[in-house]
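Take a look at the structure below.
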Amino acid sequence: MTKLEEKWSLTRETVGDGRLSVVMPVYNLAGEIEGNLLATARLFEEHRVRAELVPVDDGSSDGTGGVLERVARGYRGASVEIRPVVCARNGGKGAALRAGFEASSGEYVMLLDGDLDIHPKQTPWFFDQMVAKGADIVIGSKRHPKSVVQYPWHRRIVSWVYFTLVRIFIGLPITDTQTGMKLFKREVLGEALGRMLVKTYAFDLELLAIAHQRGAKIAEAPVVIRFGNKFGALRTSTVRTMALDSLAVFYRLRLLKYYAKAEVPPKLDHDPLVSVVIACPARSWMLDECLAALAGQTYRNFEVIVLPDGTDGGSGAPGPQPKDLKLSFLSTGRVRPAEKRNLGIGAAKGEIVAFIDDDAYPDAHWLEYAVKYFGDATIGAVGGPGVTPANDPYLAKIGGRVYENLLVSGNYRYRYRAGGVRRDVDDYPSCNLLARTDLLRKIGGYRTDFWPGEDTLLCKDIVDAGKRIVYDPWVIVNHHRRALVAPHLRQLGRYAFHRGYFVKRYPSNSLHLSYFVPSAFVAYLVLRAILAAAPMPDVMPTWLFCALHGFMSLPVLAYFALVFLTSFALNPLTWLLTVAGVFLSHVVYGVLFIGGLCARRAPCEFIGKDHAQATQYK
């Protein structure tokens, strides 16, 4: 028996009667994925290794998903089966590998890039190192002394710089993180994936950093790479994203200590039925966009309840109904969103109610990533970011930039931006909120005496009932924004008025210092204007008067410097409009927050104007 045959024999013995799961992320590889997949399957068949190949199409636009499904239908093997996963939208390498892991079942999981720059015939060296070193993880390393690497010089430079920074800041005891072949024991990989936040290029770094922090032993195996002259994905934008994501990993690992504290909820013993509730005035192109996105969910056990004013959406021609969608319309008449959602809660058949607005549409993994939390009995509700869609009109995108601005949303930016860390919250908007049905019915659903603000009171009732509300940055919906200036400020003003009113009446989840800052800024502007208009006293020297005014102007100069800095955009018009939007948002919020704080009661009349834009088709 040759040395290679001995290593394949060791691989078979290690896998035993279990299974090796090979998760292969692929994107726009329709021309080569069939050959790569069949070559991998035949390799494991030849060496009699029990394996399942789990290729994951990450939202390809060239028909890769169809190729995977065709190959899987036609393949018949004794030791190997092919189980493709096709994602409706591109979610990044992290999301693809996570989807593949969830679909796999093997005790050992190999992550293998679908382009086969590293051929799976190197598998036995990985198992050899896992057994010899007693390792939980084995990664391929270009810097292993026995590696054979044909690698472009420009990639060598980038790889060396990145590796040096990783060793300094992250402290991983390895010489490589990015090589596209890694072998894991299933339990170790599952624990790390459950705590991950990065979806894109720094996925490998975060995965290994979490595993190492939690005590996993990592070994390295030699690889043979013949990369040719491909530059790969190393565009300037890619390098920038990787650098920022890597810095975020360092921050969460070393400074925030997030990974050591992050919870992984217990696995559900079944797939609970979810009732998706959508309150809307009428059928619209936005609603159809939302329904189409729901039809593409990776989690399939759900129903959709749409609550329009009139029958089947009322005014507006109904759009095409997505196939394979359990969809029902419940006419409500002209009532506020809170009453509509309460009717939805009453009609829900699911264990979980998922609220989403008709002017939002979910990420393909929305329900999949949210539902897992309900295995923890202490969690009553789950929310996630509502990001600005890429197809929004220009002025709506500016409105989104204003909400995302650090000076506008402060510690609440996580509501409008993907990323960040998981956390417990005490207030979350209904555009992206999932809650236990029995809990909603126990607390009486939404209060109907306020709009907007009803979701703040719902969250208060959930917390008062002893349940937690968890925010997860991967539970994403795309939420269309109001255009700057008037629609954006009108919406913001209503939020400000009700927040001011709730501060004195329902302070438990509204009495936060950050809500008072815009009002303090407005008070400063008023005081500054009064002093500027005041004449100089006869007894005051001119130089002292000028110095006093200069000193009084320092805060506003510092303010605009920060606004310009945090609003930066390469497009000058975008930059200036964002600056104007931030300033106007502060003024409007500050004034109306004071109005709500001083009000004896809050108006809650029905306002349909904000939905008028959604009642017509494009």
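When both residues are 6+ apart or on different chains and their Cβ atoms are under 7 Å apart, which pairs have a first residue that lies in region 552-581 and is more than 19 Å from TYR403 (Cα to Cα), and a second that is assigned to a helix (DSSP H, G or I)?
Sorted first by the residue in region 552-581, then by its partner, the pairs are MET552/ARG528; MET552/LEU531; PRO555/TYR524; VAL556/ARG528.
Looking at (1) modelled with pLDDT under 95; (2) on the phi < 0 side of the Ramachandran plot, find the lone condition where ALA347 falls short.
If we test ALA347 against (1) modelled with pLDDT under 95; (2) on the phi < 0 side of the Ramachandran plot, just (1) comes out false.
Which numbered condition trips up TYR506, out of (1) of a type outside the set (A, V, I, L, M, F, W, C); (2) in contact (Cβ under 8 Å) with a residue 24 or more places away in the chain; (3) in the same structural domain as GLY596 (by TED's automatic domain parsing)?
Checking TYR506 against (1) of a type outside the set (A, V, I, L, M, F, W, C); (2) in contact (Cβ under 8 Å) with a residue 24 or more places away in the chain; (3) in the same structural domain as GLY596 (by TED's automatic domain parsing), the one that fails is (3).
For region 63-80, give me the residue count where each residue is farther than 17 Å from GLY31 by Cα and out of contact with any Lys or Arg (no Cβ under 9 Å at 6 or more places or on another chain).
Number of matching residues: 4.
I'm trying to understand the selection: among the residues of region 42-64, which are assigned to a helix (DSSP H, G or I) and surrounded by fewer than 23 Cβ atoms within 10 Å (Cβ to Cβ)?
Passing the criteria: ARG42, LEU43, GLU45, GLU46.
Using the structure shown, decide if LEU197 is closer than 30 Å to GLY35 by Cα, aliphatic (A, V, I, L, M) and either in contact with a His (Cβ under 8 Å, 6 or more places away or on another chain) or modelled with pLDDT of 85 or more (or both).
No: the conditions fail for LEU197.
In region 471-498, what residues are of a type in the set (Val, Ile, Thr) and in contact with an Asp or Glu (Cβ under 6 Å, 6 or more places away or on another chain)?
ILE476
What's the number of the only condition in (1) more than 28 Å from ALA292 (Cα to Cα); (2) not small (Gly, Ala, Ser); (3) not in a helix (DSSP H, G or I) that ASN36 fails to meet?
(3)
Does any residue in region 297-308 that is surrounded by fewer than 17 Cβ atoms within 10 Å (Cβ to Cβ) come within less than 9 Å, Cβ to Cβ, of a residue that is of a type outside the set (Gly, Ala, Ser) and part of a strand (DSSP E or B) six or more places away or on a different chain, and which pairs are these?
Close Cβ pairs satisfying both conditions: ASN301/VAL274.
Results for (1) within 19 Å of the chain's Cα centre (by Cα); (2) among the aliphatic types (A, V, I, L, M), shown as yes or no for each residue.
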| position | (1), (2) |
| --- | --- |
| THR332 | no, no |
| GLU339 | no, no |
| ALA348 | no, yes |
| ASP358 | no, no |
| ASP363 | yes, no |
| TRP366 | yes, no |
| GLY383 | yes, no |
| TYR394 | no, no |
| GLY399 | no, no |
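So the check is Cβ under 8 Å with 6+ separation or different chains; which pairs have a first residue in region 104-119 that's at positive phi and a second one that's of a type in the set (Gly, Ala, Ser) and in a loop (DSSP other than H, G, I, E, B)?
none
Could you tell me whether region 89-100 includes any residue that is among the aliphatic types (A, V, I, L, M) and either at pLDDT 90 or above or surrounded by fewer than 23 Cβ atoms within 10 Å (Cβ to Cβ) (or both)?
Looking for residues that are among the aliphatic types (A, V, I, L, M) and either at pLDDT 90 or above or surrounded by fewer than 23 Cβ atoms within 10 Å (Cβ to Cβ) (or both), one finds none in region 89-100, hence no.
Out of the residues in region 267-294 that are of a type in the set (Gly, Ala, Ser) and within 19 Å of ALA348 (Cβ to Cβ), which is surrounded by the most Cβ atoms within 10 Å (Cβ to Cβ)?
That would be ALA279.
Of all residues in region 411-463, which are of a type in the set (S, T, N, Q) and under 18 Å from the mean Cα position of the chain (by Cα)?
Scanning region 411-463 gives ASN411, SER430, ASN432.
Would you confirm, using the coordinates I've provided, whether ARG252 is crowded, with 19+ Cβ neighbours inside 10 Å, under 21 Å from the mean Cα position of the chain (by Cα) and modelled with pLDDT of 90 or more?
Judged against the criteria, ARG252 is a match.
Failed condition for LEU29, given (1) over 28 Å from GLU206 (Cα atoms); (2) assigned to a loop (DSSP other than H, G, I, E, B), with all others met?
(1)
The values are calculated or read from the model by the stated rules, or taken from the named source; none is laboratory data. Being a predicted model, the structure only gives us computed values, none of them experimental. Methodologically, a virtual Cβ is constructed for each residue, glycine included, from the backbone with ideal geometry; neighbour enumeration extends over all protein chains shown.
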